[in-house]
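The structure under discussion appears below in the form of structure tokens.
The values are calculated or read from the model by the stated rules, or taken from the named source; none is laboratory data. This one's a predicted model, so the numbers in the text were calculated from it and none came from an experiment. Because the Cβ atoms are built from the backbone with ideal geometry, glycine has one as well, and the counts that use them run over all protein chains shown.
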Amino acid sequence: METPDTKKQNVDKGEDADEILSSLWRSANELKGHIYSTIMKQYDEFIHTYNTMNELHLKVKEMDVKLRNVSKKMQGDIKPLLKTAKNEQISVQDNLKMVTVIVEALTRLSQINELLSSFSLRLDHKEFDLAANCIVEAQHMLSEVYGNCDAKIFKALRQEARRKRANLQSILESEWDKSISWALPQISLSTPEKILLGTEIKVCADLIQEGDDSENKIQPVVTAMEILGMLRPKLNTFAKKLLRYVLKPLIAESRLVEVLVFLHDQVFDRIKVTVNTEEDKDDTKVSKPLLSILGLIIWPTLSKSIIEEYLAASIPTSFSELENYAEISNQTTLFEYTLKGLGYLEETIDTLTDYTKHVNMNFANKQVQDLLVTARDLLKSDLYNTQQTQISPDKALFDEWSQPDDSALKELHQIDENAATENPKTLEMSLFLFPQCRVSTNICELMSLAYETLQEAVKSTPDCAIQLFYATRNMFDLYLEVTPAYHKMNLETIPQLSALHYNNCMYVSHHLLTLGAEFRDHLPPPLSNGAATFVDIVPFLRSSGQQCLSQQLQRQEQIIKNCLNSTASWNEIAENNRSNDISQHLEQAFHQLNHLSRVWFDVLPIKLCMKLIEDLTNTLIVDVVNKIVQIEDISEDDGHLIHDLLELTKSKILELYSGIIKNDDNLDQEISNHVSGWNKLSELALILAFNLKGIVERWNTPQSTLSAAFTAPEVHSLIRALFQNTKQRSTAINSIKTLH
């Protein structure tokens, strides 16, 4: 059953629905109105646009019809008229061009004819310069405009112009020869004095025309020659003759100068007289350009000759002479200034002045050149001349400004002795001293030259010091290149020179280790900053010396082996009586060893010489022992003979070392300490003298030298070769094998 409240709610819902429907209806009507108005508006505009387009289309069609009519009219009536007018215009232009060419040709012909006529007139009046201008201008017109024209008139004009030019050139040649003539000396005159005194130059520059004292005859000649291109070849020829027959002999022969001052002043004064004479004779207006051209031709060769003959020779050889070089520099500047004033040189040319201004650099270059020449001459001198080195502190350790006195050196040696006594592990001073030996005199002179050059560098300017330092380095580079190549044959074949070269290299290396440090603080940067060093050259020097001595040692080893290999086999020497032959070859090998000992002990340091002789002696011993050990069967007689030969070998070695080792109280032990093969040789001689029992007892002896010298297989081989195959031999071999 509905309550009053429920009923009321239903009524409210119905009213809300009506309002919504009414609102929707109103909205729909408004939307229909908008749609209608929009459609109507678009339709109206479309009608208007469509009508406008139709009108424009009609107008375009009308315009197209008019254009077609005009085009037909032009094709039919106007185009033929235009074509006719164009042909008439081309014909008129062609006629105009032809008329223009003819007029221009007639004008040029008239000008050329006028120039050729003017040429003849100028030539008759000796106005050679104006005549040259006329002929050059006429030829220029003919070649520029009508160069390809084949008309007879132009061919005739060209031939006429060439003929007139040749005629003018001939006249100018004649005038030049009249103005300047040479009387040259005979070819047999070879000295500068004879050449100069036999040369005559006649310059007639002031040939004045009759009736006119104001004009100079040579001026138009020179100007015409310049216009025709004849002047430069003539001046070149004149300059060559002047240099060859006058200026160079004048520079080379000082006796031609009467007043003797300095050599460079003689040349300058002599040349100035020559220049002034020419200036007095020539017209100023002509001579200055002519002299300028002549100067440009002559000056490069002349300045080079002056520099080479005089300025280079006047460069000082020491810094004391360098202070007096200012006078030479002033004279040189004055000479060049005079030449500029006379017109010989341009203002920008300062060849001689620049050379004298750089006197420090030239001085350094000369020093370097002289230094390298002196060094090269030293290196090419004989290596035989030698001198003994002294065990003393390095020359490089004490220079001339910090030379220690004798008491300081004695104190230094005393400190060294005390330190060695107190502490045996202290390094002795002798470790830093060069060992006593012989070196070539030229190498000592080379080192003295290096020290003197560096001392000179310390006193010189920075640039000069740097050049001198690197020149000193180049000396040692030169040593590495020149000595092995120049003395190659002697170094390879003469043992004494190989040893000397080794000593020389080590001697130079010893000095170079400290040479740079000695002078470094007194040299300018960058040398003082560490660049002043010679240490990098040391490895190359040492390698050169070591390689030379090592190759010589190998050659001597080969000589000794060849002596021993020249003998026949050591097998069965008793039957074939070969012991004398073997003895002679042993004597020959030891003779070579004794010769090397005498030569090297006088040259090399004692320790090094001992080592070399030990190596060669060991080579001989090893070769002899190996030959004997390889024999498979040694008879009793052969054994005795081989034993005698081994004793001969031992006696020769003892004789060799008795002159080498001063302490000969126990010479055998001393040789054993130095020659590794000595014990093997001694034990082999004992084996040859022993019986089986003696060999076994020798092997079994505690600290046996036999077991130290030979291996068990080697002893087995010797026993099999010396003794017959018996039970005792087998027992002896087994006992040695078991022991070993």
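Scanning segment 108-116 for any residue that is within 21 Å of Leu228 (Cα to Cα), modelled with pLDDT under 85 and of a type in the set (S, T, N, Q) turns up at least one such residue.
Report yes if Ser509 is out of contact with any His (no Cβ under 7 Å at 6 or more places or on another chain) and modelled with pLDDT of 90 or more, otherwise no.
On the way: out of contact with any His (no Cβ under 7 Å at 6 or more places or on another chain): yes; modelled with pLDDT of 90 or more: yes.
Yes; evaluated as a whole, the condition is true for this residue.
If you go through segment 477-512 and pick out every residue that is crowded, with 16+ Cβ neighbours inside 10 Å and more than 27 Å from the chain's Cα centre (by Cα), you end up with 17.
Residues that are in the same structural domain as Ser583 (by TED's automatic domain parsing), closer than 22 Å to Lys611 by Cβ and loosely packed, with under 13 Cβ neighbours inside 10 Å: does segment 680-701 have at least one? No, the conditions are met nowhere in segment 680-701.
For (1) among the basic types (Lys, Arg); (2) over 30 Å from Phe154 (Cβ atoms); (3) in contact with a Phe, Trp or Tyr (Cβ under 9 Å, 6 or more places away or on another chain), each residue gets a yes or a no:
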{"residue": "Lys59", "(1), (2), (3)": "yes, yes, no"}
{"residue": "Asp64", "(1), (2), (3)": "no, yes, no"}
{"residue": "Ser71", "(1), (2), (3)": "no, yes, no"}
{"residue": "Ile78", "(1), (2), (3)": "no, yes, no"}
{"residue": "Lys86", "(1), (2), (3)": "yes, yes, no"}
{"residue": "Leu96", "(1), (2), (3)": "no, no, no"}
{"residue": "Ile102", "(1), (2), (3)": "no, no, no"}
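Only one residue in Gln467, Gln552, Gln496, Gln546 is touching a Pro at 6+ places or on another chain (Cβ under 7 Å) and in a helix (DSSP H, G or I). Which one?
Working: Gln467 fails: touching a Pro at 6+ places or on another chain (Cβ under 7 Å); Gln496 fails: touching a Pro at 6+ places or on another chain (Cβ under 7 Å); Gln546 fails: touching a Pro at 6+ places or on another chain (Cβ under 7 Å).
The conditions single out Gln552.
Any residue in segment 94-112 that is hydrophobic (A, V, I, L, M, F, W, C) and surrounded by 18 or more Cβ atoms within 10 Å (Cβ to Cβ)?
Just the residues of segment 94-112 that are hydrophobic (A, V, I, L, M, F, W, C), to begin with: 96, 98-99, 101-103, 105-106, 109, 112.
Going one step further and asking which of them are surrounded by 18 or more Cβ atoms within 10 Å (Cβ to Cβ), we end up with 112.
Yes, segment 94-112 has at least one match.
Tallying residues that are crowded, with 16+ Cβ neighbours inside 10 Å and either in a loop (DSSP other than H, G, I, E, B) or touching a residue at least 60 places away in the same chain (Cβ under 8 Å) (or both) within segment 351-371 yields 7.
Take the conditions (1) within 26 Å of Phe690 (Cβ to Cβ); (2) in contact with a Gly (Cβ under 8 Å, 6 or more places away or on another chain); Ser583 misses just one of them, which is (2). Within segment 706-735, being part of a helix (DSSP H, G or I) and more than 17 Å from Val629 (Cα to Cα) holds for Lys727, Gln728, Arg729, Ser730, Thr731, Ala732, Asn734, Ser735.
Consider Leu115 carefully, then state whether it is in a helix (DSSP H, G or I), of a type outside the set (Asp, Glu) and over 60 Å from the mean Cα position of the chain (by Cα).
Numbers: in a helix (DSSP H, G or I): yes; of a type outside the set (Asp, Glu): yes; over 60 Å from the mean Cα position of the chain (by Cα): yes.
Spelling it out, Leu115 is indeed in a helix (DSSP H, G or I), of a type outside the set (Asp, Glu) and over 60 Å from the mean Cα position of the chain (by Cα).
Being at pLDDT below 90, farther than 18 Å from Leu722 by Cα and either surrounded by 14 or more Cβ atoms within 10 Å (Cβ to Cβ) or not assigned by TED's automatic domain parsing to the domain that holds Cys505 (or both) narrows it down to one of Gly677, Gly639, so name that one.
On the way: Gly639 fails: farther than 18 Å from Leu722 by Cα.
Of the residues listed, the single one that is at pLDDT below 90, farther than 18 Å from Leu722 by Cα and either surrounded by 14 or more Cβ atoms within 10 Å (Cβ to Cβ) or not assigned by TED's automatic domain parsing to the domain that holds Cys505 (or both) is Gly677.
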